[in-house]
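The values are calculated or read from the model by the stated rules, or taken from the named source; none is laboratory data. From a predicted model like this one, the values you see are computed outputs, not experimental measurements. With ideal geometry, Cβ positions are generated from the backbone for all residues, glycine too; neighbour counts draw on all protein chains shown.
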Amino acid sequence: MIKFIILALYLIQTVFSISRPVGTPTVKLIIDTDGVYDDLRGLTIALTRPNVEVIAITTVHGGVTANQSAANVARLLRALGKESVPVFVGANDSLDPKGPIVVWEDLFGSDGIGGVPDVYPKTLPSDYTVSQKMDAVDALIQLTKSNNDIVLVGLGPLTNIAIALRKDPTLAKRIQKVVIMGGNYLGVGNSAFNSTAEFNFLMDPEAAHIVLSSLHTTIVPWDTCFLKAPEYNEDVDFEESLHQKTDLSYFLSNITARGRQYNKMIGQIYAFVDDVAVAVAVDSKIALRCVKLCASVELEKEATTRGQVTVDWLSTKYDSAERTFKTITDKNDANWLMQTFVTEYDAGKINQMLLEAVKPSERKNNVQLDNDFSFITL
Ligand SMILES: [Ca+2]
């Protein structure tokens, strides 16, 4: 009998070691996104890596509304045959309400993904109705209760995450790690107004402030994306994954065409942005160099720096060795927690991840190209 039990245990262990290779543990992600074209390219990494389980995708206002973001995500999930991944719609405005979103159509197109609804896979009315009934905020709270090892990725304004933290402060303790694409640490901005602020943080500075004063996060700041792109461009073709002869590559090429053209017009490289945050969440070794700094967010409404990340470069607010605030006053005044800013990343590995994502031979469940597929050029 004992021999039989030992044999059974050995067989069970053998089966599990075959089905899950040693050294590739599953990373459980929840991704909060405003669903514009660069978000979708980043999402393809998470949705196609063999060691990654996307528990949910939550959507937020940003480049487009949270509802449009959900429809864009639904379209991507159809392209990948991943319709089983649940999508939850969240906040459609910032904590300090700013009213209806004016979509930056020159960059995003009318829908945030290039305004090409008729190219593969065509936009369907059902894209707008397939999201879950539960609100994104409640989904963040509930899903982190039923999964204790969630890595949360923020690719848009941090409104949903901030509301969730306010509603349930214990959320901060339940999340294993938070990776954010947003903010800056050198004052490099990417908005026409408040030009020292990064778009996601500027869209909801109060939300960014709540998140940064509640959690130690890993931030992929805009400065890194902007400043490192010309250097990495020497060795990596940021658009290589968009020029493969596959359905997903064509889709990503089409939805990014307008944005790439706009970038070209302003003399900017269409480099990796949201892709970096997703890749770092999937594999922390993607972050080649980081700097740990106590940081907060400028909230002054009339300031030209509203939305910019304020950085305590001299560590006057926080003792990094002791991981404590130096004075009670500082804690009460600002609560500047230490954040990890990614300052260099492995562009080659991210490119490889994207190539593997778009190549059918590298993944299962590939979908077939529509007969009426067309490649657009702007
Ligand atoms: Ca985004």
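Evaluate the following for Gly187: is it in contact (Cβ under 8 Å) with a residue 60 or more places away in the chain, farther than 30 Å from Ser249 by Cα and not hydrophobic (A, V, I, L, M, F, W, C)?
Values: in contact (Cβ under 8 Å) with a residue 60 or more places away in the chain: yes; farther than 30 Å from Ser249 by Cα: yes; not hydrophobic (A, V, I, L, M, F, W, C): yes.
It is true that Gly187 is in contact (Cβ under 8 Å) with a residue 60 or more places away in the chain, farther than 30 Å from Ser249 by Cα and not hydrophobic (A, V, I, L, M, F, W, C).
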If I go through the range 160-182 residue by residue, how many of them are of a type in the set (A, V, I, L, M), in contact with an Asp or Glu (Cβ under 8 Å, 6 or more places away or on another chain) and not in a helix (DSSP H, G or I)? 1
Please find, among Thr26, Thr48, Thr58, the residue that is surrounded by 24 or more Cβ atoms within 10 Å (Cβ to Cβ) and farther than 15 Å from Asp127 by Cβ. Thr58
Taking Gln132 as meeting all but one of (1) surrounded by fewer than 18 Cβ atoms within 10 Å (Cβ to Cβ); (2) touching a helix residue (DSSP H, G or I) at 6+ places or on another chain (Cβ under 6 Å); (3) closer than 25 Å to Ile55 by Cα, write down the number of the exception. (2)
So which residues in the range 48-77 are hydroxyl-bearing (Ser, Thr, Tyr), out of contact with any strand residue (DSSP E or B) (no Cβ under 7 Å at 6 or more places or on another chain) and within 13 Å of Phe108 (Cβ to Cβ)? Thr65
Test for Leu248: is it over 17 Å from the mean Cα position of the chain (by Cα) and crowded, with 22+ Cβ neighbours inside 10 Å: yes
Check off (1) within 13 Å of the ligand (Cβ to nearest atom); (2) free of Cβ contacts under 8 Å to residues at least 40 places away in the same chain; (3) acidic (Asp, Glu) for Glu105 and give me the number that stays unchecked. (1)
Looking only at the range 264-294, count every residue that is away from the ligand (no atom under 16 Å from the Cβ) and touching a helix residue (DSSP H, G or I) at 6+ places or on another chain (Cβ under 6 Å) and tell me the total. 3
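Taking the condition of being more than 20 Å from Leu171 (Cβ to Cβ) and either in a helix (DSSP H, G or I) or touching a helix residue (DSSP H, G or I) at 6+ places or on another chain (Cβ under 7 Å) (or both), how many residues in the range 202-234 meet it? Let's see the steps before the verdict.
Within the range 202-234, the first condition is being more than 20 Å from Leu171 (Cβ to Cβ), and the residues that meet it are 202-203, 205, 220-234.
Adding the requirement that they be either in a helix (DSSP H, G or I) or touching a helix residue (DSSP H, G or I) at 6+ places or on another chain (Cβ under 7 Å) (or both) leaves 202-203, 205, 220, 222-232.
The qualifying residues number 15.
Looking at the structure I just gave you, is Thr33 among the hydroxyl-bearing types (Ser, Thr, Tyr), at pLDDT 95 or above, in contact with a Gly (Cβ under 7 Å, 6 or more places away or on another chain) and surrounded by 24 or more Cβ atoms within 10 Å (Cβ to Cβ)?
yes
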Can you confirm whether Glu239 is acidic (Asp, Glu), without any contact (Cβ under 8 Å) to a residue 40 or more places away in the chain and closer than 20 Å to Leu43 by Cα? yes
How do the pairs read when you match residues in the range 170-184 that are in contact (Cβ under 8 Å) with a residue 60 or more places away in the chain with residues anywhere that are outside any strand (DSSP E or B) and among the hydrophobic types (A, V, I, L, M, F, W, C), using Cβ under 6 Å and keeping only pairs 6 or more apart or on different chains? Val179/Ala277; Val179/Val280; Val179/Ala281; Met181/Leu155; Met181/Ala277; Gly183/Phe201; Asn184/Trp222
In the range 143-159, anything within 16 Å of the ligand (Cβ to nearest atom) and not in a loop (DSSP other than H, G, I, E, B) is listed as Leu152, Val153, Gly154, Thr159
Would you mind telling me which numbered condition in (1) over 25 Å from Leu77 (Cα atoms); (2) within 16 Å of the ligand (Cβ to nearest atom); (3) part of a loop (DSSP other than H, G, I, E, B); (4) touching a Ser or Thr at 6+ places or on another chain (Cβ under 7 Å) Ser191 fails? (4)
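Looking at this structure, is Lys28 modelled with pLDDT of 95 or more, charged (D, E, K, R) and more than 16 Å from the ligand (Cβ to nearest atom)? Write out each step before concluding.
Values: modelled with pLDDT of 95 or more: yes; charged (D, E, K, R): yes; more than 16 Å from the ligand (Cβ to nearest atom): yes.
Spelling it out, Lys28 is indeed modelled with pLDDT of 95 or more, charged (D, E, K, R) and more than 16 Å from the ligand (Cβ to nearest atom).
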Condition first: under 23 Å from Ile30 (Cα atoms), among the hydroxyl-bearing types (Ser, Thr, Tyr) and either crowded, with 16+ Cβ neighbours inside 10 Å or at pLDDT 70 or above (or both). Can you find one or more residues in the range 289-296 that meet it? no
Could you list, in sequence order, all residues of the range 90-113 that are within 20 Å of Glu206 (Cα to Cα) and surrounded by 17 or more Cβ atoms within 10 Å (Cβ to Cβ)? Gly90, Ala91, Asn92, Asp93, Ser94, Leu95, Ile101
